[in-house]
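Here the structure is laid out as structure tokens; the discussion comes afterwards.
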Amino acid sequence: MSAVIRPDAPVLLEIRDLHASVENQPILKGVNLTIRAGEIHAVMGRNGSGKSTLSKVLAGHPAYTVTGGSVLYRGENLLDLDPEQRSRIGLFLGFQYPVEIPGVSNLEFLRVATNARRKERGDEELDTFAFEDVVRERLSVVQMDPAFLDRSVNEGFSGGEKKRNEILQMALLEPVVAILDETDSGLDIDALRIVAGGVNQLSSPDNSTLLITHYQRLLDLITPDAVHVMAAGRILRSGGKDLALELERSGYEWVDAELARLDGEAAPQPAAPQPLEVA
Amino acid sequence: MLAAPAVTAAAAGSGAPALAWLAELAGAPLPTRREEDWRFTDLAALAAIPAGFASPAAGQPVDPWSGLNLPAGVTRLTGPAAEAQLGTALAASGCDQHWPVRLNGGACPALLVLKVEGDAGSLELPLPVSAAEGVVAWRLLLVLEPGARLELLQVPAPAPGQRQLLSLVSEVVLGAGARLQLGCLAQGHTHAALLHHLAVRQASGSELQATLVSSGWGLARHEPRVVQEQGAARTRLLGLQRVDGRQLADTHSFVRFDGPDGELDQLHKAVADGSGRSVFNGAVQVPRLAQRTNAAQLSRTLLLSDRARIDTKPQLEIVADDVKCAHGATVSQLQSEELFYLRSRGIDAATAAGLLQRAFCHEVLRELPAAAHRHDPLTALLGAA
């Protein structure tokens with residue numbers, strides 16, 4: 001098994017030796033990851049491993065400072081762009097905790113966001129009526145009640161409704177690279193199925209998805225092409241979907257030993273999953 | 001019914017200092033910042049208003065509401081019937097000698113006294129101004145008979161670009177079980193000032209909701225003052241003021257419970273940008289006889305600039321022992337997570353900040369009477385933001 005899954009497909013996202021910090025605290029310490037069109041990658045790891053930071057740095061959260069390395073998005077330097085520009089050219093971040101914005105109608109928010117993306121692609125912007133037709137059709141992707149369009153953005157939505165609203169945004173924005181940060185957290189099994197079904201429907205040979213997750217259960221519903229284990233701000237191991245199953249069985253204890261070994265200290269060999277060859 | 005103005009614009013002369021003229025109109029010197037109620041608001045700014053009248057009748061007792069179309073259930077009173085209750089709400093709420101009220105009286109206000117019976121629906125009261133610079137004053141008395149209902153909207157607005165002082169004094173007498181939803185949507189500009197008193201007497205079982213919104217004035221002062229004369233009434237006060245540039249907005253509210261079982265729900269919001277200044281002082285008096293009063297007051301300010309200034313103060317005087325009185329004040333900036341969320345959806349930073357301001361304001365604006373929608377209150381408040 002090789003981490004290059006579709007060697008002939010164009011590279012959409014290339015992360016090279018990425019270092020980033022928040023409030024002068026280094027969090028990412030040399031992340032390398034290449035994602036090609038048509039691929040679904042999963043990044044797993046414990047709390048504090050840096051996986052959520054990776055998603056925020058990629059989306060351009062201003063609280064994070066990139067201190068080294070590079071990120072190329074379809075060959076362009078992504079890190080030079082504002083968050084809004086990244087969204088317009090096709091990068092999407094599905095939030096772990098979608099923000100409630102009382103007083104801003106969900107429909108209007110979705111329309112403004114969709115039009116920002118359409119404008120960038122040279123498509124005609126949609127007026128309120130034309131947009132309603134588009135959004136009602138897309139609601140089916142996440143089986144969402146149209147009543148949610150008339151409410152304020154995420155206000156009073158349950159955890160599951162918020163995550164469905166995230167996937168609805170993904171369906172409308174048609175991203176090239178979608179990063180879903182803990183989209184499975186706080187979902188019951190039915191909501192998880194709906195959300196995962198939405199992601200699967202939106203996957204195509206032309207786009208790619210990066211799933212940030214804690215648990216294997218999401219990967220039962222969305223089959224990843226590659227799984228990466230993050231720890232202490234870098235990707236410690238990469239492999240196929242079997243790696244997620246291994247993690248489910250053996251937990252993350254081996255990670256500490258692996259980290260210690262990498263730091264050059266003597267440590268007993270962990271009961272780790274078999275190393276997988278990484279190209 | 002209306003006294004001739006004690007001082008006419010002509011008598012004042014165009015060269016007379018405006019402050020002296022205003023003091024003469026009011027029959028009292030302007031309050032200074034040495035007085036606690038005016039500590040943060042300097043009326044010396046009114047010196048920029050030229051002496052003279054900006055009412056359509058230019059200071060003459062001509063009735064600007066002669067052709068007013070009133071809904072069924074609302075009748076206009078004149079003569080002794082009109083004067084019977086005039087001034088009683090001002091006196092009951094202790095503001096009949098306030099300087100802005102005296103100025104209003106001295107400036108020869110246009111007077112409208114309305115009696116409301118049954119469910120009268122909604123009314124938007126026109127407040128006409130002329131294009132002249134100077135002072136324009138209105139005095140309104142609303143008497144809601146027991147069980148009556150009304151939605152009333154006032155939209156005081158200065159003539160574009162003109163240096164005007166708008167003086168609005170509204171008195172309200174709510175009979176038992178009467179219900180008034182009052183909205184004041186006051187969009188000004190930097191050359192204009194607004195002095196606004198709202199004095200309300202509430203009988204038991206009555207409900208008052210007053211929503212006072214202002215933005216853009218060089219100086220705006222709102223004084224909603226409510227007395228629950230037997231307690232056992234409901235009062236809901238909502239305020240929203242926005243300042244930018246070097247504007248000042250000041251709300252001094254006052255609520256007193258003269259009987260048990262009264263309720264107050266008060267929310268005051270402010271948005272302060274530029275070098276603007278926002279003042280809120282919320283007085284609530286709960287004397288010994290006002291047992292089982294339930295009062296909640298919250299002041300929330302959105303601070304958008306490090307040059308803007310906020311002064312906010314609850315002023316609770318509670319003597320009764322069996323009461324619930326809560327108060328709180330928050331001052332915050334736009335939340336970076338909310339901004340990032342919007343930006344990550346392709347919405348540029350300025351638009352995102354505007355959306356979040358709208359969201360902050362929406363909580364108060366949605367409480368305006370339905371007739372306010374015609375005026376697009378959000379746009380009025382935020383302009384292009």
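The values are calculated or read from the model by the stated rules, or taken from the named source; none is laboratory data. No experiment lies behind these values; they were computed from the predicted model shown. Don't worry about glycine lacking a Cβ; one is built from the backbone with ideal geometry, like all the others, and counts go over all protein chains shown.
Could you count how many residues in the range B:249-268 are within 17 Å of the chain's Cα centre (by Cα), among the hydrophobic types (A, V, I, L, M, F, W, C) and buried (at least 23 other Cβ atoms within 10 Å of the Cβ)?
2
Residue by residue through the range B:337-347, note down the ones that are more than 7 Å from chain A (Cβ to nearest Cβ) and surrounded by fewer than 24 Cβ atoms within 10 Å (Cβ to Cβ).
Selection gives B:Leu339 alone.
If a residue has to be buried (at least 18 other Cβ atoms within 10 Å of the Cβ), over 22 Å from the mean Cα position of the chain (by Cα) and assigned to a strand (DSSP E or B) to count, how many in the range B:269-302 make the cut?
Qualifying residue count, the range B:269-302: 1.
Determine whether the range B:308-317 contains at least one residue that is under 25 Å from the mean Cα position of the chain (by Cα) and not in a strand (DSSP E or B).
Looking for residues that are under 25 Å from the mean Cα position of the chain (by Cα) and not in a strand (DSSP E or B), one finds at least one in the range B:308-317, hence yes.
Here is a check on your reading of the model: is A:Lys163 within 24 Å of B:Ala359 (Cβ to Cβ), modelled with pLDDT of 90 or more, under 22 Å from the mean Cα position of the chain (by Cα) and not small (Gly, Ala, Ser)?
Here the answer is yes, as A:Lys163 does meet what is asked.
Being under 21 Å from B:Asp348 (Cβ atoms), more than 10 Å from chain B (Cβ to nearest Cβ) and crowded, with 16+ Cβ neighbours inside 10 Å is the requirement here; does A:Pro175 meet it?
Judged against the criteria, A:Pro175 is a match.
Among the residues of the range A:52-93, which ones are without any contact (Cβ under 8 Å) to a residue 24 or more places away in the chain, away from chain B (no Cβ under 13 Å) and assigned to a loop (DSSP other than H, G, I, E, B)?
Listed by number, the list is empty, since nothing qualifies.
Only one of B:Ala148, B:Ala199, B:Ala192 is farther than 22 Å from B:Pro71 by Cα and in contact (Cβ under 8 Å) with a residue 40 or more places away in the chain; which?
Residue meeting the stated conditions: B:Ala199.
Please go through the range B:171-205 and give me each residue that is over 20 Å from B:Phe53 (Cα atoms) and either part of a loop (DSSP other than H, G, I, E, B) or of a type in the set (Ser, Thr, Tyr) (or both), ordered by number.
B:Gly175, B:Ala176, B:Gly177, B:Ala178, B:Ala203, B:Ser204, B:Gly205, listed by residue number.
So which residues in the range B:348-373 are in contact (Cβ under 8 Å) with a residue 40 or more places away in the chain, within 9 Å of chain A (Cβ to nearest Cβ) and either touching a strand residue (DSSP E or B) at 6+ places or on another chain (Cβ under 6 Å) or surrounded by 18 or more Cβ atoms within 10 Å (Cβ to Cβ) (or both)?
B:Phe360, B:Cys361, B:Leu365
Would you confirm, using the coordinates I've provided, whether A:Glu155 is surrounded by fewer than 19 Cβ atoms within 10 Å (Cβ to Cβ), modelled with pLDDT under 95, within 14 Å of chain B (Cβ to nearest Cβ) and touching a strand residue (DSSP E or B) at 6+ places or on another chain (Cβ under 6 Å)?
It is true that A:Glu155 is surrounded by fewer than 19 Cβ atoms within 10 Å (Cβ to Cβ), modelled with pLDDT under 95, within 14 Å of chain B (Cβ to nearest Cβ) and touching a strand residue (DSSP E or B) at 6+ places or on another chain (Cβ under 6 Å).
Kindly indicate whether any position in the range A:163-172 is more than 24 Å from A:Leu13 (Cβ to Cβ) and crowded, with 22+ Cβ neighbours inside 10 Å.
yes
Given the condition free of Cβ contacts under 8 Å to residues at least 40 places away in the same chain and either more than 9 Å from chain B (Cβ to nearest Cβ) or out of contact with any Asp or Glu (no Cβ under 9 Å at 6 or more places or on another chain) (or both), answer yes or no: does some residue in the range A:97-110 qualify?
Checked the range A:97-110: at least one residue is free of Cβ contacts under 8 Å to residues at least 40 places away in the same chain and either more than 9 Å from chain B (Cβ to nearest Cβ) or out of contact with any Asp or Glu (no Cβ under 9 Å at 6 or more places or on another chain) (or both).
Please determine whether any residue of the range A:156-163 is touching a residue at least 12 places away in the same chain (Cβ under 8 Å), under 29 Å from A:Tyr73 (Cα atoms) and hydrophobic (A, V, I, L, M, F, W, C).
The answer is no; no qualifying residue exists.
Give the residues of the range B:143-170 that are closer than 24 Å to B:Leu381 by Cβ, in a strand (DSSP E or B) and of a type in the set (D, E, K, R), sorted by residue number.
Answer for the range B:143-170, where residues must be closer than 24 Å to B:Leu381 by Cβ, in a strand (DSSP E or B) and of a type in the set (D, E, K, R): just B:Glu151.
Can you find a residue in the range A:182-194 that is surrounded by fewer than 22 Cβ atoms within 10 Å (Cβ to Cβ), closer than 23 Å to A:Ser105 by Cβ, in contact with a Leu (Cβ under 7 Å, 6 or more places away or on another chain) and modelled with pLDDT of 90 or more?
For the range A:182-194, residues surrounded by fewer than 22 Cβ atoms within 10 Å (Cβ to Cβ), closer than 23 Å to A:Ser105 by Cβ, in contact with a Leu (Cβ under 7 Å, 6 or more places away or on another chain) and modelled with pLDDT of 90 or more: absent.
Look at the range A:98-131 and say how many of its residues are within 24 Å of the chain's Cα centre (by Cα) and either closer than 14 Å to A:Gln85 by Cα or in a helix (DSSP H, G or I) (or both).
Selection size over the range A:98-131: 15.
Does A:Ser49 satisfy being assigned to a strand (DSSP E or B), of a type in the set (S, T, N, Q) and surrounded by 15 or more Cβ atoms within 10 Å (Cβ to Cβ)?
So A:Ser49 fails the test.
Can B:Leu153 be described as at pLDDT 95 or above, within 23 Å of B:His362 (Cα to Cα), surrounded by fewer than 24 Cβ atoms within 10 Å (Cβ to Cβ) and touching a helix residue (DSSP H, G or I) at 6+ places or on another chain (Cβ under 8 Å)?
When the stated conditions are applied, B:Leu153 passes them.
Given (1) among the acidic types (Asp, Glu); (2) facing another protein chain (nearest Cβ under 8 Å); (3) touching a residue at least 40 places away in the same chain (Cβ under 8 Å), where does B:Asp311 come up short, assuming only one miss?
(2)
Can you tell me how many residues in the range B:365-385 are modelled with pLDDT under 90 and in contact with a helix residue (DSSP H, G or I) (Cβ under 7 Å, 6 or more places away or on another chain)?
5
B:Pro80 passes all but one of (1) touching a residue at least 24 places away in the same chain (Cβ under 8 Å); (2) out of contact with any Pro (no Cβ under 7 Å at 6 or more places or on another chain); which number fails?
Failed condition: (1).
What's the number of the only condition in (1) without any contact (Cβ under 8 Å) to a residue 60 or more places away in the chain; (2) within 24 Å of A:Arg36 (Cα to Cα); (3) in contact with a helix residue (DSSP H, G or I) (Cβ under 6 Å, 6 or more places away or on another chain); (4) more than 9 Å from chain B (Cβ to nearest Cβ) that A:Glu120 fails to meet?
Status for A:Glu120: all satisfied but (4).
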